[in-house]
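Take a look at the structure below.
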Amino acid sequence: MGSAYLYIKEAIFKRTDGGGRMAGDGSMTETIVAISTPPGRGGIGIVRLSGPEALRIAELLVRGRGEVEHGRAQRVGVLDPEDSGRTIDEAVMTAFLAPRSYTGETVVEIAAHGSPVVLEAMVRGALEQGTRLGLEVRLAGPGEFTQRAFLAGRLDLTQAEAVHDLISAQTLDQARVAAQQMGGALSRRIAPMKEALLRIITLLEAGMDFASGELDDVEVVAPEEIAEGIKAAREPLERLAATFRRGQLLRDGAAIALIGPPNAGKSSLFNRLLERERAIVTAMPGTTRDTVEESLALGGIPLRLIDTAGLRAAAGELETAGIDLAEQHGMARSQEALADADLVLLIHDATLAVTEEERRLRESVAGRPHLLIQNKIDLLDGRLDELAAGAIGTSAVSGEGLEELRAAILEQLGAAGSLAETGSLNTLRQQEAVTAALAGLGAAAAANKAALPHEVILLDLHTSLRALDSLTGTTTPDDILARIFSTFCIGK
Ligand code: GDP
């Protein structure tokens, strides 16, 4: 029985194992070069080289005085590519000798003044010197420095992804989460879960070895013990899975639509919500006649706020007589904005009775996250009892209720509470891996309950283990790796 299991296990692993990417991959013999600073002019621009010939090539591009030492910056002159008797810039060169570098290979960084002409001349020079000397030197692909760091085992996949997240962070909180993850927070959180999984796998495999061997008197593992083991692996994994929503919100943000009848105060509330953050968040200019979109950060979460002025009726009720085509077009856009919204804010003028149209609007959003807002409470003269149950009273004029509204928005989005639990899931890829790991554990638990052979349980547990491994990149197929690193910018 044991050997049949091993046979199946081997067959499965042969088919899907991506572990061969290191072997036969000649890329490590190549030295890569790129401008690592953003395109355009700047105070400083950096050319980075990584690979076996990085130092040799770099020394042909600049003229220095002293000996090159690991990690020590030295002043150099950048040689004129057409006249090596001349220098065209002053720069600082730092060499990180293998394996004590970001990529694990020798890395040289030349920080010159940020002139695109000089930086490009250095990159071209590096390629030409490579050709002249018959060395393998080429331009780096997107994210290739980080990919090399990953392949060299300097970073795991969650850390490599965090490098990308840090660079593209829009809010300080996003940066904080990315930094945590870059430091290995998620990997550290996963480690004990993997341990728990391995424990139950080892237990079952040991039991099977005995069962198939000569030690007949050794007891097989009891179903209760298996169930316990699976539970021990499953619970922390479920808690981890639950962190995805907040991680995703931090990363991707959310869209919030403000709808309600004309003059309810949508635009005023919209501006109120924006005013505090406007100064620190880049505004996306409004684009259409009827919807205006702006970004703001609330509790560290980037939100797109959509003012759907002009939206008067719920979906499917646009063909009402009297609405001209242009307006219909605008309203269709509002409907789109509404359809895309993660949260709908229904704005009602608290001084007026609820209209039939508003009632229909409320019905149309009943099944999705929404907040009922009674605006203009400053005009109510303290008659707050008129507020509908569950509604939030606000005044775009006095600012009353705005803090409550902000808190309610975060709560509705599932983002309330402490920020950024350490080691949360931030990407869809990570979430899918955890979902697959949980599915494997679920199947294993079901197989155990149905008293199926231990081979079956073990295969499910291995599926789960592989999913966890793919999270950190231990067993991630090449095409997925390529996809991840291709989203990086060149030079990172
Ligand atoms: P929209 O058509 O829903 O975007 O409504 P606006 O934001 O343009 O507001 C319509 C009118 O109501 C404007 O004159 C606002 O100054 C006024 N308004 C909006 N919110 C409040 C509020 O909370 N209190 C008072 N007193 N007036 C408000």
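The values are calculated or read from the model by the stated rules, or taken from the named source; none is laboratory data. These numbers were taken from a predicted model, which means no experiment stands behind them. Cβ placement follows ideal geometry from the backbone for every residue including glycine, while neighbour counts extend to all protein chains displayed. Heavy atoms of the whole protein, side chains included, go into the accessibility calculation; ligands, DNA and RNA do not. Shrake-Rupley method; radii C 1.70, N 1.55, O 1.52, S 1.80 Å.
Quick notes on this one:
- Distances between placed amide hydrogens fall under 5 Å for Val62 paired with Leu79, all partners being 5 or more residues away or on another chain.
- Residues whose amide H falls under 5 Å from that of Ala255, counting only those 5 or more places apart or on a different chain, are Arg304, Asp342, Leu343, with hydrogens built in the peptide plane.
- Full-stretch length increase - Val117, Glu403 - with 0.36 nm per residue and alpha-carbon distance subtracted: 97.9 nm
- Among the GluC sites (Glu not before Pro) within the stretch 27-127, those in coil by DSSP and having at most 12 neighbouring Cβ atoms inside 10 Å are Glu67, Glu69, Glu82.
- Between the amide H of Thr87 and those of Asp80, distances stay under 5 Å, these residues lying 5 or more places away or on another chain, with hydrogens modeled in the peptide plane.
- Potential extension, Ala241-Ala339 segment - 0.36 nm per residue separation minus Cα distance: 32.7 nm
- The stretch 28-154 shape via C-alpha gyration tensor axes, a/c threshold 1.5: rounded
- You can think of it this way: the chain between Glu228 and Ser84 has 44.7 nm of extra reach, that is 0.36 nm per residue less the Cα-Cα gap.
- Environment charge at Leu155 (Cβ cut-off 11 Å; Lys +1, Arg +1, Asp -1, Glu -1): 0
- Antiparallel bridges, percent of DSSP beta bridges restricted to the stretch 28-154 (to nearest 5): 90
- Our coupling estimate for the stretch 83-97, obtained by passing each phi through the Karplus curve with A = 6.51, B = -1.76, C = 1.60 and θ = phi - 60°, is 8, 6, x, 10, 10, 10, 6, 9, 8, 10, 10, 10, 10, 10, 7 Hz, Gly and Pro reported as x.
- Shown are His113, His462, His454, whose ranking by accessible area with a 1.4 Å probe and every protein chain present, most to least, is His113, His454, His462.
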